[in-house]
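S.K.: Encoded as structure tokens, here's the structure I'll be asking about.
The values are calculated or read from the model by the stated rules, or taken from the named source; none is laboratory data. Fair warning: this is a prediction, and the values are worked out from it, not measured in the lab. When we count neighbours, we look across all protein chains shown, and the Cβ atoms used for this are built from the backbone with ideal geometry, even at glycine.
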């Protein structure tokens, strides 16, 4: 059964000269539960906008996005927040960690928007990503690779059914990128979460048997 279904999804913005530019125009897309899929997407193909529409961070101009049976496009902002908190984990390229909070607090804050903060599980998942000895460190005290691990732990803390990853290795060197990808895929598998990862890095994409070209899905960016 699909955990994610997209139909006739469109999003446009007003350009600098006042003309409306379509960024996302996806007729149909779906992702089955527990499936791991990579979308290859160069700059300008609408990959971040597409993921933000799926997550309900952005409202579409038209179309539907169904996550775990809930149509994100037709929910109020508060209900979208609840669906996102309970069913979606988002790994951002820039990590989006709160700099004034420790690793543990970053994960607990993420959990507080869902079923509720669980300190024991937060510690457990930080230990799973190799940061059990740094739970009280602040992001500024961590390496880039370690900050990514906190972001992974936070995304998986509420045991989401769907994990979205937007260029999750883009700020890492090759060795850390390989390690981060392995961690993301393993932890998603362990938690039975579907994974939708977007990247332009061929070395990352090559590790997925299941992959699609976002440009082919998105009519807005086709030649």
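S.K.: Consider only pairs whose beta carbons are under 8 Å apart and that are at least six residues apart or on different chains; among these, list those whose first residue lies in the stretch 33-52 and is free of Cβ contacts under 8 Å to residues at least 12 places away in the same chain and whose second residue is surrounded by 23 or more Cβ atoms within 10 Å (Cβ to Cβ) and not in a helix (DSSP H, G or I).
M.R.: none
S.K.: Okay, moving on. Counting just the residues of the stretch 55-65 that are surrounded by 19 or more Cβ atoms within 10 Å (Cβ to Cβ) and more than 17 Å from residue 13 (Cα to Cα), which one comes out nearest to the chain's Cα centre (by Cα)?
M.R.: My answer is 55.
S.K.: For residue 182, state whether it is within 17 Å of residue 107 (Cβ to Cβ) and free of Cβ contacts under 8 Å to residues at least 40 places away in the same chain.
M.R.: no
S.K.: For the stretch 72-116, give me each residue that is more than 30 Å from residue 130 (Cα to Cα) and exposed (fewer than 15 other Cβ atoms within 10 Å of the Cβ).
M.R.: Once the filter is applied, which keeps residues that are more than 30 Å from residue 130 (Cα to Cα) and exposed (fewer than 15 other Cβ atoms within 10 Å of the Cβ), the stretch 72-116 yields 74, 76, 77, 78, 79.
S.K.: Could you list, in sequence order, the residues of the stretch 167-186 that are assigned to a helix (DSSP H, G or I) and at pLDDT below 90?
M.R.: 174, 175, 176, 177, 178, 179, 180, 183
S.K.: Here's a follow-up. Across the stretch 25-39, what is the total count of residues that are over 21 Å from residue 89 (Cβ atoms) and surrounded by 13 or more Cβ atoms within 10 Å (Cβ to Cβ)?
M.R.: The qualifying residues number 3.
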